[in-house]
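Only one structure is covered here, and it is reproduced in the block below.
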Amino acid sequence: MKRTIKLGLGAALALSVSATAVLAENVKIAFIDPLSGPFATTGTNGLAEFQFAAEELVNKKGGVLGGTNFEVIGLDNKMDGKESLINLQVAIDQGVHYIVQGNSSGIAHALTEAVNKHNRRNPDSQVLFLNYSAVDPALTNEKCNFWHFRFDANADIKMDALTDVIVQNDAINKVYLIGQDYSFGKAVAAAAERDLGAKKNTVEIVGNELHPIGKVKDFTPYARKIVASGADAVITGNWGSDMVGLGKAIIEAGFKGPIYTYYAASNGITRTFGEAGAGTINLVGEGSINPSSSPEVDEYIAAFEAKYPDHDIAQPRIVNVIRMLAMAIDEAGTATDVAKVASALEGMEADNFWGGKIKMREQDHQAIQDVYVMQQTAGVKHTLDNSEFGLETVVKVENASADMPTTCEMERP
Amino acid sequence: MDLVVINLIDGLFYGLLLFMLSSGLTLIFSMMGVLNFAHASFYMLGAYFAYQISMYLGFWMGLLIAPLIVGIAGAGVERYGLRRVHQYGHVPELIFTFGLALLIEELVKFFWGNNLMAYQEPEILKFALFSVGANAVPAYKVFMIFTSIAIFVGLLYVLTRTRVGMIIQAALSYPRTVEALGHNVPLVFMGVFGVGTALAGVAGVLAGPVLGTFPGMAFVLGSIVFVTIVIGGLGSLWGALAASLLLGWLTTFAASSSFQFADLLNFFGMTRPEDMSESYLRDLWSLTLPQIGPILPYILMVLILVFRPYGLFGKRDV
C-alpha cells in the first residue's frame, strides 16, 4: 500500500515536472491587438491566422530547435496605446520574448519605443517586436531600431507599386485622391502626389480631398464631385465602413474606372461590394492567393477555411512572420537570446510562402517582397467572406522598392 | 449646373431619410418630454431585421415586416420600461434610454458580429434611372424619396384629419384634461412610441443598403437626429421636415463644394505666410469646406438656440 502511494506520488511528480518542462520550453509569442470593441474583427482574424500558422508550419513540422513548439497568446489592447504598453509588460512578466502587433501605426510607435527602452535597461529579458501590419514609413526610417522588424510592405512601397501600375495604363490621365482626415490618409495622398509627379507628370491630379474619419453619413456628394471631375481612377486609403460607404457611393454615381485601395477586402467588405465591386475595386498588397503559387498554398488555405469558416487569409504576411522567426531561431540556436535571433533575422533571405522571395533588409528591417495589385472578381478559387468574390492578381511588382532609400541609422547592441 | 441639380436630388434623399428618423423622435419628445437616446438604435435594428428577413423572404417582405417588429419592440419598451421609470422623473428616463442604446448595440454585435452585413437593395431597383451629366441617379434612391414623401403625407393626414390624430395632439398639450375626458392617455403614449420607433425602423430598412449595415450605424446618425428636431422645433412635424431638408442640402452642398478658407483670407487682403508653422492662422489656410461639412449642422443648432430657441416651427421652449 505504502509503496503504491510512493510510486504514484513519484509518477505524479515526474509527470508534473515534465509537464512544466514542456510548458517552459514553448516559444511564446504575444499577439497584442484589439480583440474587443469596434476593431475586434481584424484582431480576432489576425490571431486565428497566427495560431494556425504556428500550428501548421512550425509545430506539426517538428517545432524549432529540434522539438520546441510555438505558442501564440492573444492579448487584447482594445486599440489603445496605454493598454498595449500594459500588455507588453504582462507579456514580459510571463517570459515572452516575441511580440507581434499590426493594427494602427500609432500603437506600433508606442510599442517600438517601449521595447527599445526595455531592452536597453533589461539585457536579461529582451524582446523582439515583429510588426506585421503597421505601415507608417517612419517605423523603418527615422524611428527605426534594432528590435523592430516589419513584414508588411510599408505605405510608401505600396504606393510606389500602385503608381507604377497607374503610369503604365494609358487610359488613366486623371486621378482623384480622397482619404480620411488623419495621419495615414494624409500620408497616402502625399505619397501619391509625390510618386505620380515624379513618374509621369502628364497624369493630372484632379482632386485631393480629405473627409472627417468615421463621421460621414452619406458619401454621395463626394462621389458626385469625383464623377464631375472627369477622373479616370480614384486612390483612397480608407478602411472599414468609410471604405464601403465611399466605394458604394462612387460606383452608384456611375463611375466606371478603377478604385485603387489599401484595405477594401474581407471583414464583410468584399461581400458587401459584391457584384458592383467586381472589376472596379482594386487593392494593393503583399501576397496574392489567386492564382496561388503552389499546391501547398492551396492546401494551407483550404485547411484554414475548414478550421475557421468565419475568417479569411486576410493578412498573408503573418505566415512569413512565423516562418522567418522559426528559421531565425534555428539559425541562432537559441530562442531566449533575442539579440542573436535578431541578428539572424536581419538580412535573411527566404522563400516567400506566397511565391517569390522575401528579404528582411538589413539597414532598416523592412521586408522586401513582391507586391501585387489585385482586383475583386467572381469565380476565383479562393474567395473571401464566404462570398463568391475574391481578389485576383492583375499586376505583380517583383521585389517592390528594393532600392528605396531609408533614413534609418540603426544602433546595434 | 449639373452638379447643383444632382446635389439637390442627393440632398433631398438624405434630408428625407433624416425626416423619417426625426419625425418619430420629435413626436415622442414633445409627448413624453424625454429625449429618446435609443431612437437611432431602433433605426439600426430595422436594418438588421430587414437584412435577416431579406435572406429568406426577399427585400420587400423585409420592408413590410421589419418595421412592424421594431414598432412592437418599441411599444414594449415604452410599456414595460419607460412607463415604470417615468415616475422617477426625466433624468432616470434619459439614463434608461441611454442604457438601452448601449444594450442594443451590444446585442447587435453579439448576434451579427462586427462585420458589415451584405444587405443589398432589391435587384429590380438596381439600375440607374436617369443621369444628370455623367452622374447617375439610382432607381432605389428615387424609390426612397417617394416612400418618404408618402409617409409624410400619411402621417400628416392621421395627425390633422383623424380622430386619433386629434386625441394625440390634445394629449401633447393637455394630457391631464384628455385623461379626464375618458381617453386612455398611457395607451396613446405607447402607440406614439411604437409608431415613432417603427418609422425609425422603416428608415433603417431603406437606408441599410445605401449607407451600410454595421454596428456603428446608430452612433453615426444618432446625434444628427437630435440636431434636426432642435432646429425644426420640438413636436412640429413641419419643423422636422423643414429642418431635415435644410440639413440634407447643407451637408450635401458643403461636402461637394470646393470652397477653401484661404480664398476668404485672401479676400480680406491677407497673404499666405511663407512659414506656416509661425502663423497662428495656419489651420485656416489649409482648411476646406468639405473638411468641416459635418460640423455645420451643429453650428446651425447653436445659432438657432441663441437666436430662436423655439426652433424654426416650434411653439415650446427647449
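The values are calculated or read from the model by the stated rules, or taken from the named source; none is laboratory data. Keep in mind the model is a prediction, meaning the values are calculated, not measured. Using ideal geometry, Cβ is built from the backbone for each residue, glycine included, and neighbour counts are taken over all protein chains shown. Ligands, DNA and RNA are excluded from the accessible area calculation, which covers all protein heavy atoms including side chains. Shrake-Rupley method; radii C 1.70, N 1.55, O 1.52, S 1.80 Å.
Computed values, structure above
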{"read-out": "FRET efficiency, residue A:194 to residue B:123 (Cβ-Cβ, R0 41 Å, nearest 0.05)", "value": "0.40"}
{"read-out": "Base-10 log of normalised Debye intensity for the protein assembly as shown (one unit scatterer per alpha-carbon) at q = 0.05, 0.07, 0.08, 0.09 Å⁻¹", "value": "-0.30, -0.57, -0.73, -0.89"}
{"read-out": "Residue A:363-residue B:163 pseudo-label distance in nm [points 7 Å out on the Cα-to-Cβ vector]", "value": "8.8"}
{"read-out": "Normalised alpha carbon radius of gyration of the range A:75-139 [divisor 2.2 N^0.38 Å]", "value": "1.03"}
{"read-out": "Average partner coverage of B:214-227, which counts Cβ from other chains inside 10 Å", "value": "2"}
{"read-out": "Surrounding net charge for residue B:85, when Lys and Arg each add one and Asp and Glu each subtract one, Cβ distance under 15 Å", "value": "+1"}
{"read-out": "Protection proxy ranking, peptides A:91-104, A:296-309, average beta carbon neighbours within 10 Å, highest first", "value": "A:91-104, A:296-309"}
{"read-out": "Solvent-accessible area buried by A and B, counting both chains, probe 1.4 angstrom, square angstrom", "value": "2800"}
{"read-out": "Simple spin-label estimate for residue A:411 and residue A:186 in nanometres, 7 Å along Cα-Cβ", "value": "2.8"}
{"read-out": "Charge sum, other residues only, whose C-beta stays under 11 Å from residue A:293's C-beta, Lys/Arg counted +1 and Asp/Glu -1", "value": "-3"}
{"read-out": "C-alpha long axis of helix B:2-32 to longest principal axis of chain B, angle in °", "value": "30"}
{"read-out": "Eligible lysines near residue A:174 by straight Cα distance, threshold 29 Å, same-chain separation 8 or greater", "value": "A:158, A:186, A:199, A:200, A:215, A:217, A:225, A:248, A:256, A:396, B:126, B:141"}
{"read-out": "Label-point gap, in nm, between residue B:61 and residue A:202 - each point 7 angstrom along Cα→Cβ", "value": "5.7"}
{"read-out": "Computed helical MRE - 222 nm, chain A, DSSP H runs ≥ 4 contributing -39500 (n - 2.57), nearest 500", "value": "-13000 deg cm²/dmol"}
{"read-out": "10 Å-binned pair-distance histogram of the range B:2-227 (Cα, whole percent)", "value": "8, 32, 34, 19, 7, 1, 0"}
{"read-out": "Estimated FRET transfer efficiency (residue A:117, residue B:284; beta-carbon r; R0 22 Å; 0.05)", "value": "0.05"}
{"read-out": "Accessible surface, per residue, of chain A when the full set of protein chains is kept, probe 1.4 Å, Å²", "value": "40"}
{"read-out": "Cα-based convex hull volume of the range A:188-311 per residue, rounded to whole Å³", "value": "130"}
{"read-out": "Beta bridges by DSSP in the protein assembly as shown, antiparallel share as percent, to the nearest 5", "value": "45"}
{"read-out": "Rounded to 5, the percent of DSSP beta bridges in chain A classed as antiparallel", "value": "35"}
{"read-out": "Ratio of the Cα radius of gyration of the range A:180-237 to 2.2 N^0.38 Å, where N counts its residues", "value": "1.19"}
{"read-out": "Listed peptides A:217-225, B:213-221, B:181-189 by packing density, highest first (mean Cβ within 10 Å)", "value": "A:217-225, B:213-221, B:181-189"}
{"read-out": "Within 10 Å of each Cβ in B:110-121, the average number of Cβ atoms from other chains", "value": "5"}
{"read-out": "Per-residue average of Cβ from other chains inside 10 Å of B:3-12", "value": "3"}
{"read-out": "P(r) tail fraction, chain A - alpha-carbon pairs more than 31 Å apart, %", "value": "40"}
{"read-out": "At least 30 Å along the helix axis (C-alpha) and Kyte average at least 0.0, DSSP helices within chain A", "value": "A:2-25"}
